[in-house]
């Protein structure tokens with residue numbers, strides 16, 4: 001049943017997707033394992049057309065995501081107004097250690113702990129949608 | 001005794017029972033699946049009923065076309081940037097497409113956007129897991145210093 005006041009989904013232009021992505025501090029990184037996909041919220045930074053995520057050198061993320069295609073998603077949802085937006089970025093991930101991991105924008109993850117590895121997602125595809133009232 | 005201060009910046013496992021409660025506390029979840037273009041993540045309306053997690057989508061979307069019979073994860077979270085704290089709960093299971101006529105009546109699943117979204121997906125909740133990140137202790141948490 002369609003009603004004029006029901007929200008509708010609108011595609012977002014690429015530039016707006018990048019702006020929304022860059023303004024967020026927490027996103028969700030998704031990668032694939034033999035047991036299926038995994039999704040974890042992480043702190044991140046945007047550098048040009050890549051996404052930087054700092055993590056522990058022994059994490060499941062660095063073991064499974066290096067040289068694999070991953071997804072990165074951010075959104076903002078208003079549960080009262082039933083509106084919001086979501087941006088999905090996809091591309092291959094590269095895991096860097098040591099001096100190479102110190103380059104680029106500084107990301108300080110909220111959880112404490114060792115963060116010797118840097119995951120860099122080279123974004124090849126970005127898309128987003130907004131749910132408008 | 002674990003104090004709030006000890007917990008600051010630490011990730012703690014959330015017991016399964018509490019994970020279900022947190023899942024039900026939010027209307028929007030994010031589904032991740034492995035599609036033709038690699039792994040993808042999109043928000044969906046969801047509900048917990050009949051021992052399973054349910055979501056609805058449009059059969060013409062990539063999610064609707066690709067998730068049936070696949071292993072998927074459904075993630076719900078809540079994050080507070082001010083206190084640098086939050087939680088995340090994930091259900092991992094197999095997505096089963098259910099025709100609208102076969103959906104049990106107790107599955108009360110409304111969707112926000114207009115459009116058909118008449119494809120119901122039931123996720124057999126093989127595993128639920130969650131983690132909570134504690135933010136810094138606030139003055140209210142600590143005893144007055146001497």
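The values are calculated or read from the model by the stated rules, or taken from the named source; none is laboratory data. This is a predicted model, so every value here is computed, not measured. In this analysis, Cβ positions are derived from the backbone assuming ideal geometry, glycine residues included, and neighbour counts consider all displayed protein chains.
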Does the stretch B:77-91 contain any residue that is touching a strand residue (DSSP E or B) at 6+ places or on another chain (Cβ under 7 Å), buried (at least 21 other Cβ atoms within 10 Å of the Cβ) and more than 10 Å from chain A (Cβ to nearest Cβ)? yes
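Out of A:39, A:10, A:26, I need the residue that is within 25 Å of residue B:31 (Cβ to Cβ) and either crowded, with 21+ Cβ neighbours inside 10 Å or touching a helix residue (DSSP H, G or I) at 6+ places or on another chain (Cβ under 9 Å) (or both). Which one?
Working: A:10 fails: either crowded, with 21+ Cβ neighbours inside 10 Å or touching a helix residue (DSSP H, G or I) at 6+ places or on another chain (Cβ under 9 Å) (or both); A:26 fails: either crowded, with 21+ Cβ neighbours inside 10 Å or touching a helix residue (DSSP H, G or I) at 6+ places or on another chain (Cβ under 9 Å) (or both).
Going through A:39, A:10, A:26 in turn, just one is within 25 Å of residue B:31 (Cβ to Cβ) and either crowded, with 21+ Cβ neighbours inside 10 Å or touching a helix residue (DSSP H, G or I) at 6+ places or on another chain (Cβ under 9 Å) (or both): A:39.
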Of the numbered conditions (1) under 25 Å from residue B:81 (Cα atoms); (2) more than 9 Å from every other protein chain (Cβ to nearest Cβ); (3) in contact with a strand residue (DSSP E or B) (Cβ under 6 Å, 6 or more places away or on another chain), residue A:73 fails exactly one; give the number of that condition. (2)
So, restricting to strands (runs of 3 or more DSSP E) that lie completely within the stretch A:1-61, which ones have at least 1 residues that are under 29 Å from residue B:110 (Cβ atoms) and within 13 Å of chain B (Cβ to nearest Cβ)? A:8-11, A:26-33, A:36-43
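Could you identify the single residue in B:16, B:62, B:36, B:29 that is within 24 Å of residue A:35 (Cα to Cα), buried (at least 22 other Cβ atoms within 10 Å of the Cβ) and either more than 7 Å from chain A (Cβ to nearest Cβ) or modelled with pLDDT of 95 or more (or both)? Before you say what the answer is, go through the steps one by one.
Numbers: B:16 fails: buried (at least 22 other Cβ atoms within 10 Å of the Cβ); B:62 fails: buried (at least 22 other Cβ atoms within 10 Å of the Cβ); B:36 fails: buried (at least 22 other Cβ atoms within 10 Å of the Cβ).
Only one candidate qualifies: B:29.
Any residue at all in the stretch B:98-111 that is closer than 19 Å to residue A:39 by Cβ, within 11 Å of chain A (Cβ to nearest Cβ) and out of contact with any helix residue (DSSP H, G or I) (no Cβ under 8 Å at 6 or more places or on another chain)? Show your work before the answer.
Narrowing the stretch B:98-111 to residues closer than 19 Å to residue A:39 by Cβ: none.
No, the conditions are met nowhere in the stretch B:98-111.
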(1) closer than 30 Å to residue A:123 by Cβ; (2) in contact (Cβ under 8 Å) with a residue 24 or more places away in the chain; (3) in contact with a strand residue (DSSP E or B) (Cβ under 6 Å, 6 or more places away or on another chain): which one isn't true of residue B:14, the others all being true? (1)
